[in-house]
Amino acid sequence: MQFIDKKLQEYCSTMSTNASDLLVELERQTHLRTLSPRMISGFFQGRFLSMISRIKQPTYIVEIGTFTGYAAICLSEGLTVNGRLVTIELDKEYNDIHESYIGLSPQKEKIQVEYGDALNVIPNLDQGIDLVFIDASKKHYQQYVELLLPKMAQGGLMIADNTLWNGDIIKEMSAKAKTMHQFNTWIHQLSEVDNLLLPIRDGLTMMLKK
Ligand SMILES: C[S@@+](CC[C@H](N)C(=O)[O-])C[C@H]1O[C@@H](n2cnc3c(N)ncnc32)[C@H](O)[C@@H]1O
């Protein structure tokens, strides 16, 4: 889902710096080899995540929901020399793809995939997280934030995907859109963060820890 005119979106993409050949091929393989290719962040959102990471220069990134590894590789582009990225995935169905493409990426030594339910894995993560990308089970977004916030320093940034849920959030309100609306309402009143909901792709909410 795009919230701007398709042609305008294409113009924005054309006028933005290309992704690496590796990411172009990973996006292509994701479409050829998975049943739900639309789960991938893809070119434009991927460039946004990369840009944010390169501005922030994090030493410790956490991603919830690896899928084929596209966003993990984009986010890793801003890691410091000693930085690391932990990405959590429940489903081993995608491990062939993400392991091979992460293995070919320039930051491969810094990226670690943890398998399991994020709700069980997050409590075992170290403190000091600088940047988080939340992109797994929509009904657990609030719990992800509650578990991750205490592990982040002041100025730590979280980004949550799909927070406009196909635009349904202001229309008929499907069950999933209601879940997202509840999350958006909760995060909007949460005193520990400043938030900004951006109409990029399916909605990206940025949350900055105060
Ligand atoms: C939208 S995809 C992630 C896309 C990826 N972040 C990207 O942009 O390329 C969501 C992923 O979260 C995983 N997932 C769903 N529930 C999960 C959970 N409870 N714990 C960990 N991963 C989960 C799914 O298997 C799926 O691969």
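The values are calculated or read from the model by the stated rules, or taken from the named source; none is laboratory data. Quick caveat, the model's predicted, so the values are computed rather than measured. With ideal geometry, Cβ positions are generated from the backbone for all residues, glycine too; neighbour counts draw on all protein chains shown.
Pick out, from the range 91-210, the helices (runs of 4 or more DSSP H) lying fully within it that include 2 or more residues that are of a type in the set (A, V, I, L, M) and at pLDDT below 95. Even if it seems obvious, please write down each step before you answer.
On the way: elements: 95-104, 118-121, 141-148, 175-189.
In the range 91-210, the matching helices (runs of 4 or more DSSP H) lie at 175-189.
Within the range 32-47, take every residue that is assigned to a loop (DSSP other than H, G, I, E, B) and surrounded by fewer than 12 Cβ atoms within 10 Å (Cβ to Cβ) and give me the one that is farthest from the chain's Cα centre (by Cα). Among those that are assigned to a loop (DSSP other than H, G, I, E, B) and surrounded by fewer than 12 Cβ atoms within 10 Å (Cβ to Cβ), it is 35. When the range 184-210 is filtered for residues that are among the hydrophobic types (A, V, I, L, M, F, W, C), crowded, with 19+ Cβ neighbours inside 10 Å and within 20 Å of residue 151 (Cα to Cα), the ones remaining, listed by number, are 187, 193, 207. Condition check for residue 12 on (1) within 18 Å of the chain's Cα centre (by Cα); (2) part of a helix (DSSP H, G or I): one failure, at (1). Under the condition of being within 7 Å of the ligand (Cβ to nearest atom), aromatic (Phe, Trp, Tyr) and more than 12 Å from residue 49 (Cβ to Cβ), the residues counted in the range 59-107 number 2.
Using the structure shown, decide if residue 46 is more than 9 Å from the ligand (Cβ to nearest atom), within 23 Å of residue 162 (Cβ to Cβ) and at pLDDT 95 or above. Taking the combined requirement at face value, the residue does not satisfy it.
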